[in-house]
Amino acid sequence: MPACSDCSMLIDDRCRAHEKSEADLGRVSPPPPIGGCEVPIVEQYLPLIQAGMRVLEVGCGAWGLIRDRCAAVGAHYEGIDTVQEYFGVKSVATRFENLAELSFADDFFDLVIGNQTMEHWNEYGCRTDWGLYQCFRVCKPGGQVLLNVPIHYHGTRLFLLGDIDKIRDLFTPFSSAVTMESWGKDSGPIAPYYAHPNYSRLKNKSAYNLDIRSVKNRPLPTGYTNKGASSGWKATYLGNPKSYVMHRLLCKLGASSTNYPVPPDQLDRLKALIREQTQASRV
Ligand SMILES: C[S@@+](CC[C@H](N)C(=O)[O-])C[C@H]1O[C@@H](n2cnc3c(N)ncnc32)[C@H](O)[C@@H]1O
């Protein structure tokens, strides 16, 4: 649950969430269902935001829905992001900082929310487990951490391959109350979207969204660090199956094809990294 057929934003067999996403964000979204579910998922977060609460949005980008709800009900909003603009639109962030160096005090927020960001933390120099530690560190005991992510679309290994058990394992040191709900996994009447149909491990795996909700009900564990974090294409290369990186390269070279765009400027960096890694493994 919910399949697209159960979603209130499916009207006349069209994903209105996808249309709203493009209108609200002012840019082209990935095809439905992957590029639509974020809207109803986040709309379901909104009633959780109440007067007097403190809310942190991690990787907020330029989408003001959470900020606006906070303003409407009298909650205090903070947003962080590493970049000033997202697709040419000014970020709604109140602090430009990396989750890896989150500057807020322990036990400060009632809600910590991250929309379509967790799968990228690793690419920005923040290990996924360290980023999650930071979210729970600043969340009050009894507060909630709400994160939605795409599965079988992009991001690092766990999200790309959809290793749901391992994703859940990341949360259990912080919470015994974790729920995971798939959105759009059963997409009918919307056609399933295969982002990587020519990559054998994802050939028959259609992209969908996962809404992960958790309550901070365990003492903050020790032993977490950001050691070993890398960023950019190096993180993408190291954080994904080598077969996937090769597949992306083959697509870029025109020897295979994908429904997922490979940014044109990244071919040279990708080639250089593969060369570097190959040389390192020979030494
Ligand atoms: C796919 S965008 C989503 C933006 C926005 N939440 C939305 O739904 O439109 C991912 C965002 O997460 C931010 N991000 C990724 N890793 C981050 C990190 N380690 N610290 C802070 N922001 C990060 C990126 O800069 C980007 O703005």
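What follows draws every value from the coordinates through simple rules; no lab data is involved. Only a predicted model underlies this, so the values are computations on that prediction, with no experimental measurement involved. Cβ atoms come from the backbone with ideal geometry, glycine included; neighbour counts cover every protein chain shown.
Figures for the structure shown
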read-out: Within straight-line cross-link reach of Lys20, aspartates and glutamates at Cα separation under 14 Å, skipping those fewer than 8 residues along the same chain; value: Glu38, Glu43
read-out: Which of Glu101, Glu57, Glu119 has the fewest Cβ neighbours within 10 Å, and the rest in rising order; value: Glu101, Glu119, Glu57
read-out: Ascending count of other beta-carbon atoms within 10 Å, so fewest first, for Val28, Val92; value: Val28, Val92
read-out: Pairs from Lys90/Lys252; Lys90/Lys227; Lys166/Lys205 whose Cα-Cα separation, in the structure shown, is over 20 Å; value: Lys90/Lys252; Lys90/Lys227
read-out: Ellipticity estimate at 222 nm from DSSP helix runs (n ≥ 4, -39,500 (n - 2.57)) divided over the chain, nearest 500; value: -8500 deg cm²/dmol
read-out: The range 82-220: Rg to Rh, with Rh as the Kirkwood radius over Cα pairs; value: 0.99
read-out: Neighbour-count ranking [beta-carbon atoms within 10 angstrom, fewest first] of Leu56, Leu65, Leu238, Leu132; value: Leu238, Leu65, Leu132, Leu56
read-out: Packing-based ranking, highest mean first, of 207-217, 161-171 given that Cβ atoms within 10 Å are counted; value: 207-217, 161-171
read-out: Cα-based reach from Lys216 at 18 Å (exclusive), listing lysines while leaving out same-chain residues under 8 positions away; value: Lys140
read-out: DSSP bridge orientation in the range 4-215 - percent antiparallel, rounded to nearest 5; value: 55 percent
read-out: Charge-dipole axis of the range 72-147 as Lys and Arg at +1 and Asp and Glu at -1 on Cβ define it, positive-most pick from Ala93, Met118, Leu132; value: Ala93
